[in-house]
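**Q** Here you go, one structure.
Each value in this text was obtained by applying a stated rule to the coordinates, not by laboratory testing. Keep in mind it's a predicted model, so treat the numbers as computed, not measured.
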Amino acid sequence: MANSKETNDVIDGCVAMVGTSAKILQVYSLISKVADVDATVLVRGESGTGKELVARALHQEGARRRGPFVAINCGAIPSELLESELFGHERGAFTHAVRTRIGRFELADGGTVFLDEIAEMSPMLQVKLLRVLQEKKFERVGGMRTITSGFRVVAATNRNLENEVREGRFREDLYYRLNVIPLEVPPLRERTSDIPLLVEYFIDRFNASRRKKINGIRAEAMDCLSRYSWPGNVRELENTVERMVILASGQELGLEDLPESLLAATGSGSTAGDIAGGVRENRHAVGANLIPDSGFVLSQAVIEFEKGLIVQAMEQSDWIKNRAAKLLNINRTTLLEKMKRYHLGEPDGVV
């Protein structure tokens with residue numbers, strides 16, 4: 001799976017699987033071990049973790065990569081139509097069946113069928129799927145001829161299938177047939193060390209697709225992203241970075257580019273509000289408008305304002321950097337970088 005880049009694995013032109021954390025490396029390792037095995041794989045994980053990427057990796061890493069990869073979302077198609085999608089139908093099999101249609105299992109001969117949201121499949125189709133998995137044979141809807149297809153099945157679900165079996169919503173025999181090789185995709189909150197790599201990858205991708213020129217992301221914004229719990233997992237992070245890249249006012253992403261909901265969830269939103277309140281309070285205290293009639297350079301004013309806040313935080317914390325960083329809600333390393341950039345030295349005798 002590995003290539004020359006340390007930050008990500010790109011699978012034959014597919015969307016990249018990115019990460020170097022211990023949990024995602026375990027996923028890579030298991031994919032490499034079972035890619036050439038024809039046994040059914042059940043990919044489990046929360047929504048947005050990248051289960052289809054894992055399925056595509058299993059296909060691309062094995063001998064079946066020369067065959068088709070056929071994906072179908074079992075939860076997105078009504079049950080009465082799903083049977084036709086999977087097995088195909090003959091002309092005249094039902095109303096509006098004006099021509100013969102080849103199903104997904106037939107199309108995937110020599111390749112892989114990816115059944116996403118397998119727990120959404122109706123009990124009737126579960127019975128038919130069990131037979132297909134056992135015999136690799138089926139008939140089209142309305143047809144009599146038995147069709148044989150040499151496909152491999154990778155299924156995925158975000159549900160607890162053991163509970164579904166206990167509640168009678170999922171066949172136990174089908175569960176065991178699917179769960180030959182279980183593969184768990186970790187949620188993003190359990191692999192937070194991969195977030196900077198994912199953000200870098202998404203910035204590069206959206207720079208290309210959106211014709212933007214974002215050079216990177218500031219440390220305080222990255223820190224905020226790393227502290228967020230990401231209930232929507234990698235998909236939510238991807239959507240967030242896309243929004244930031246599209247709406248960015250500068251060439252480097254910062255806290256001002258993050259969604260307000262994310263800032264509030266990580267405790268960063270109140271910091272911005274406190275700063276704005278401080279400006280208003282200061283304006284009323286001096287009794288004059290801070291903007292001169294001749295105008296001023298906004299970027300320089302922001303720098304001076306930030307320098308003043310850093311000095312104030314350092315003085316308030318007796319020049320103890322860890323305390324000052326907490327007051328400013330940034331990492332200690334970010335504080336040191338800013339102090340170095342702004343040439344803010346420490347008073348004599350302060351270590």
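**Q** Convert each backbone phi in region 30-45 into a coupling constant with the Karplus relation 6.51 cos²θ - 1.76 cosθ + 1.60 (shift: θ = phi - 60°), then list the ³J(HN,Hα) values in order as whole Hz, x for Gly and Pro.
**A** 5, 4, 4, 6, 10, 4, 8, 8, 7, 5, 5, 10, 10, 8, 10, x
**Q** To two decimal places, what compactness ratio does region 8-186 give when its Cα radius of gyration is scaled by 2.2 N^0.38 Å? If you can, show how the numbers build up before the last one.
**A** On the way: Rg = 16.4 Å, N = 179, 2.2 N^0.38 = 15.8 Å.
Output field value: 1.04.
**Q** In 10 Å bins starting at zero, report the fraction of Cα pairs in region 11-94 per bin as a rounded %.
**A** 14, 40, 29, 14, 3, 0
**Q** A follow-up question, please. Once you order the gyration tensor axes a ≥ b ≥ c over the Cα atoms, which shape class does region 62-129 get: rounded for a/c under 1.5, otherwise prolate or oblate by comparing a/b with b/c? Walk me through the intermediate numbers first.
**A** On the way: a/c = 2.44, a/b = 1.27, b/c = 1.92.
Taking the square roots of the gyration eigenvalues as a ≥ b ≥ c, region 62-129 is oblate.
**Q** Let me ask something else. Which translational diffusion coefficient, to the nearest whole µm²/s, is obtained for region 190-268 from the Stokes-Einstein equation, given a Kirkwood hydrodynamic radius over C-alpha pairs, 4 °C and 1.567 mPa s?
**A** Stokes-Einstein gives a translational diffusion coefficient of 104 µm²/s.
**Q** List the aspartates and glutamates whose alpha-carbon lies under 12 Å from that of Lys213, not counting same-chain residues fewer than 8 positions away?
**A** Asp204, Glu252
**Q** Which of the lysines could a cross-linker span from Lys321 if the Cα-Cα distance has to be under 30 Å and same-chain partners fewer than 8 positions apart are dropped?
**A** Lys307, Lys338, Lys340
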